[in-house]
Amino acid sequence: MKKADYTKLTIKKLNQLAEQGDVEAQAELGFSYYTGDHGLEPNLALSLQWCKKAARQGHPEAAALIAEAYETGEGVQQDMKEAIKWYTVSAQGGNVEGQCALAYLLQEAEQYAEAWKWYEEAAKSHEPVAYYNLGIMTEHGEGVEKDYKKAFNFYKKAADKGYDEAQYCMGYFYDEGLATESDPEKATKYFALAADQGHEEALLEMGKRLKDGIGIEPDAARAAKYLLMLVEQSNNSEAMMLLGALHENPYGTAHDYETALHFYTKAWQEGEVNAAHEIGLCYFLGHGVEQNNGKSWEWLKKAAESATKLTD
């Protein structure tokens, strides 16, 4: 029976085959208890039980699920040795995700030669995560000679396959002129590709570049769009400060002082000490709030005290 045919079997038939030792039936039951397929109630304990039976027979996808459980501590006691053990079963069975996951744990453990081996194996399947991590290892000299040109080539392979982390790295390399001529326009292109996928550092970078016209025509509305995405994702205080500036200053969207003050206040609440100075100026100038010298002084005093703490 083909692997795809197991998804069409009834639970009764799957159980029957699984009890008889059919590895694909065991794996399908494990996956179904994990996801709730076949009309089953999700049950992590049963999922792990059946996946472990399949993994012991070398089923690569089942082994990957068991490994991830041990890596994260989902349903079992967290145990990185067990995670590596089961990722190894998955990797040896040809599962690309298992190969990358195993390589990552080995990389974290500074077992660079083994990590490189498994990333290379996954890269044979043109896996972008593998290309990206080979780039990371080459850029930083992890177990191999540091080589920006080779790192650039690995990042480009991953970026061309749509991997956002690699797209951000390509933007950084073009911006800094690493292994290539500095090219602000190409940098912006790659940062935009990553930002459009929600990459947080790229969202911030695009907000800055569109605000100031770096490698692209200034566009306050697009800058605000990217920065708002970042704020919604992670309450990034730097993005809040930039949104405040975009709404307050003439080069931004038409003066909207109330919105500017709103973002400065949110940034302060997120721990951005520089926001106190901007809030103080808003009270001094009457931007988005009734002019109040007393309130202005209070906020400017907070700004000075915060600055003093940072320099102590």
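Laboratory data are not the source of any read-out in this text; all were calculated from the coordinates shown. As the structure is a computational prediction, the values presented were derived from the model and not from experiment. Here the Cβ positions follow ideal geometry from the backbone for every residue, glycine too, while neighbour counts run over all protein chains shown.
Over all other residues within a Cβ to Cβ distance under 9 Å of residue 248, the charged ones net out to -2, with Lys and Arg as +1 and Asp and Glu as -1. Using 0.36 nm per residue and subtracting the Cα-Cα separation, the extra length available between residue 160 and residue 233 on full extension is 23.8 nm.
Of the residues 182, 234, 47, the one that moves most in a GNM of the chain with alpha-carbon contacts below 10 Å is 234. Peptides 5-13, 107-115 ordered by packing proxy, namely the average of other Cβ atoms within 10 Å per residue, highest first: 107-115, 5-13. Between residue 308 and residue 197, full extension at 0.36 nm per residue minus the direct alpha carbon distance yields a gain of 36.1 nm.
Treating r as the C-beta distance of residue 109 and residue 189 and R0 as 35 Å, the FRET efficiency rounds to 0.45.
Our estimate of slack between residue 301 and residue 221, defined as 0.36 nm per intervening residue step minus the Cα-Cα distance, is 25.5 nm. Model label sites at residue 249 and residue 292, defined 7 Å from Cα along the beta-carbon direction, differ in position by 2.6 nm. With respect to the chain, whose longest principal axis is taken over its alpha-carbon atoms, helix 275-285 is tilted by about 30°. Once Kirkwood radius over Cα pairs in Å is calculated for the structure shown, the corresponding label among [x] 23.1; [y] 23.8; [z] 20.4 turns out to be [x]. Against the chain, whose longest principal axis is taken from its Cα atoms, helix 128-140 shows a tilt of about 60°.
Helix 200-212 against the longest principal axis of the chain: what's the angle in degrees, Cα atoms only, rounded to the nearest 10? Roughly 30 degrees, rounded to the nearest 10. Could you compute the FRET efficiency for residue 1 and residue 258, with r as their C-beta to C-beta distance and R0 at 51 Å, rounded to 0.05? Calculated value: 0.20.
Only the Cβ atoms of Lys and Arg (+1) and of Asp and Glu (-1) were treated as charged; on that basis the dipole of the chain about its Cα centre amounts to roughly 700 debye.
Sequentially through segment 8-23, phi angles give Karplus couplings (6.51, -1.76, 1.60; θ = phi - 60°) of 8, 6, 6, 4, 4, 5, 4, 4, 4, 5, 5, 5, 7, x, 5, 5 Hz, Gly and Pro residues having no value and appearing as x.
For segment 176-249, GluC sites (Glu not before Pro) meeting the loop criterion (DSSP other than H, G, I, E, B) and having at most 12 other Cβ atoms within 10 Å: 181. Under a GNM of the chain (C-alpha, springs under 10 Å), which listed residue has the highest mean-square fluctuation: 228, 204, 285? Residue with maximal mean-square fluctuation among 228, 204, 285: 285.
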